[in-house]
Amino acid sequence: MSQESGLQRTPLLDALREELRGLDEQDLLWRVRTLQSPSAPHAKVDGKNVIVLCSNNYLGLANHPKLKQAAIAATRKYGAGSGSVRVIAGTMDLHVKLEKELATHRGTESSITFQSGYATNLGTIMCLVDERDLIISDELNHGSIIDGCRLTKAERRVYKHKDMGDLEKQLQGTERFRRVLVITDGVFSMDGDIAPLKDIVHLAQEHGAVTYVDDAHGDGVLGENGRGITNHFHLEGKVDVDMGTFSKAFGCVGGYVVGSKDLCTYLQNKVRSYLLSGSHPPAIAGACIAALQIVQKQPSLVKKLWDNTRYFKKGLKDIGFDTGNSETPITPVIVGDAGKARELADNLFKLGIFVLPIVFPMVARDKARVRTIVTSAHTRKDLDVALAAFEKVGKQLALI
Ligand SMILES: Cc1ncc(COP(=O)(O)O)c(C=O)c1O
């Protein structure tokens, strides 16, 4: 180890710096902006007051007074930490209440919660398949699904995005596997389009395959009162594994699976990310319970989210932007070139609009974009101000 010119040098650090330099040269390094206020439609970001159009806080619950009160009350009563993993001494009555409340909201027999959606996908996929099995995955599935699949010893196949002909092809001749798992995002996180879950379930049933949906962007958004994609397509009880997260519409953190008692008991006994990692702090469990109660009592939140979504999406299209195949509050503004996407986001930020450029490897090289996400907490005025800024910068950059 040497310390020339004040820089700590080891073979590992040298190699990492070299890799970082390469990423920097390709403009692929994250430039993370910092919030100096709560996640809300109006926030202070990097010292500037902006309208936020890139959070997943779909229902505006992240800074909701009832969630804050619930988190404070839970901390007062139960302390800051849970003290253990769920199966040893880390299950408090709050965790049990949260799982009951979630099952009630989703109309299922049971539910199981995890530390995050990422931990849910990794652990659950890993415990369902092994070397005797096959996973068939949509090519645009979220990275947490991809990572979960990579951690298994199952054979893996990828079908073209939402292409049911290709899925059917991949399902042919799979009899030799003990289990075939067809896995899909409910709402695709970069494009905002919805998986054809009815067709997927139908094809899977025809071929004796098992279905798994990651509804991270559908829970609290799709279906009656935000009951998710299975409700949206009237598929309750027909999808084998129905997974979601509290980190988006519910404004907190934590992943989950809803379903039968037997499925949840199996996962409690088998999922390594559940068995081997500390449970939610009381504040989180308390706030998640409050979020579910609000969503159940206030259908107007989901309605407002969709009113805003339709208004903003139409506004962007009318201006002349390519919004791809989005069907949900996630609306991409596709510009193609990565540099242009960054310029669009940077110029919008200067005008007080916070959006995120999404570039390769998160999307194809020629599909760079700015991703917008409206919430139920935005006002019409917020959306009009944002649309005017998009139009101004779009013209400046000759994108429209
Ligand atoms: C489709 C999808 N699945 C899973 C996750 C992970 O969820 P969490 O943030 O709860 O870890 C995300 C979050 O980015 C997501 O977009």
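Starting from the Kirkwood radius over alpha-carbon pairs of the chain, derive D by Stokes-Einstein at 4 °C in a medium of 1.567 mPa s and give it in µm² s⁻¹. Don't skip to the answer; put the middle values down first.
Numbers: Rh = 22.4 Å.
In µm²/s, the coefficient is 58.
The alpha carbon gyration tensor of region 65-297 gives principal lengths a ≥ b ≥ c with a/c of 1.5 or higher and a/b greater than b/c, which makes the shape prolate.
In this simple spin-label approximation, residue 260 and residue 397 carry label points 7 Å from Cα along the Cα→Cβ vector, and these lie 5.0 nm apart.
Taking packing as the residue-averaged number of other Cβ atoms within 10 angstrom, the listed peptides 20-29, 281-290, 174-183, 191-200 run from highest to lowest as 281-290, 191-200, 174-183, 20-29. In a simple Cβ point-charge model (Lys, Arg +1; Asp, Glu -1; nothing else charged), region 65-297 has a dipole of about 940 debye relative to its Cα centre. A simple packing score, the average count of other Cβ atoms within 10 Å per residue, orders the peptides 39-52, 248-261, 76-89 as 248-261, 39-52, 76-89, with the highest score first.
With an 8 Å Cα cut-off and a minimum separation of 6 or more residues, compute the relative contact order for the chain in percent. The partial results should precede the final answer.
Details: 787 pairs, mean separation 86.1, N = 400.
Rounded, it is 22 percent for the chain.
If the reach is capped at under 17 angstrom between alpha carbons, list the lysines near residue 44, excluding any in the same chain fewer than eight residues apart. Straight-distance partners of residue 44: 350. Among the trypsin sites (Lys or Arg not before Pro) in region 300-400, none sits in a DSSP loop with a Cβ that has at most 14 other Cβ atoms within 10 Å.
Assign one of three labels to region 142-188, namely rounded, prolate or oblate, based on the Cα gyration tensor with a ≥ b ≥ c the square roots of its eigenvalues; rounded applies when a/c is under 1.5, prolate when it is not and a/b is larger than b/c, and oblate otherwise.
Numbers: a/c = 2.41, a/b = 1.10, b/c = 2.18.
Note, shape of region 142-188 comes out oblate.
Rounded to 0.05, the FRET efficiency of the residue 172 and residue 362 pair, given R0 = 35 Å and the Cβ-Cβ distance, is 0.65. Pairs of Cα atoms in region 120-169 fall into 10 Å distance bins, from 0 up to the last occupied one, in shares of 28, 52, 20 percent. Across the options 189, 229, 205, the greatest Cα extent toward the positive end of the charge dipole of region 145-240 (unit charges at beta carbon of Lys, Arg, Asp, Glu) belongs to 205.
Mean residue ellipticity at 222 nm, helices only, the chain: -13000 deg cm²/dmol; runs of at least 4 DSSP H residues each add -39,500 (n - 2.57), and the sum is divided by the number of residues.
Tell me, what is the per residue accessible area of region 65-297 in Å², probe radius 1.4 Å?
Per-residue value: 41 Å².
Separation of region 367-400 and region 128-189, taken as the distance between their Cα centroids, equals 35 angstrom.
Farthest towards the positive end of the charge dipole of region 65-297, among the residues 239, 124, 283, is the Cα of 283, using unit charges on the Cβ of Lys, Arg, Asp and Glu. For region 255-339, lysine pairs with C-alpha atoms less than 26 angstrom apart, excluding pairs fewer than eight positions apart on the same chain, total 8.
So how do 140-148, 65-73 stack up, highest first, on mean other-Cβ count within 10 Å?
Details: 140-148: 19.8, 65-73: 16.1.
Final packing ranking: 140-148, 65-73.
Partner aspartates and glutamates whose Cα lies under 20 Å from the Cα of residue 153, excluding those fewer than 8 positions away in the same chain, are identified as 130, 131, 133, 138, 139, 175. Ranked by solvent-accessible area (1.4 Å probe, protein heavy atoms only, all chains present), the residues 400, 353 order from largest to smallest as 400, 353. Solvent-accessible area of the chain (1.4 angstrom probe, protein heavy atoms only): carbon and sulfur portion equals 53 percent.
The values are calculated or read from the model by the stated rules, or taken from the named source; none is laboratory data. Since the model is a prediction, treat every value here as computed from it, not as a measurement. FYI the Cβ positions are ideal-geometry reconstructions off the backbone, even for glycines, and counts take in every protein chain you see. Just the protein is used for accessible areas: all its heavy atoms, side chains included, with ligands, DNA and RNA removed. Shrake-Rupley method; radii C 1.70, N 1.55, O 1.52, S 1.80 Å.
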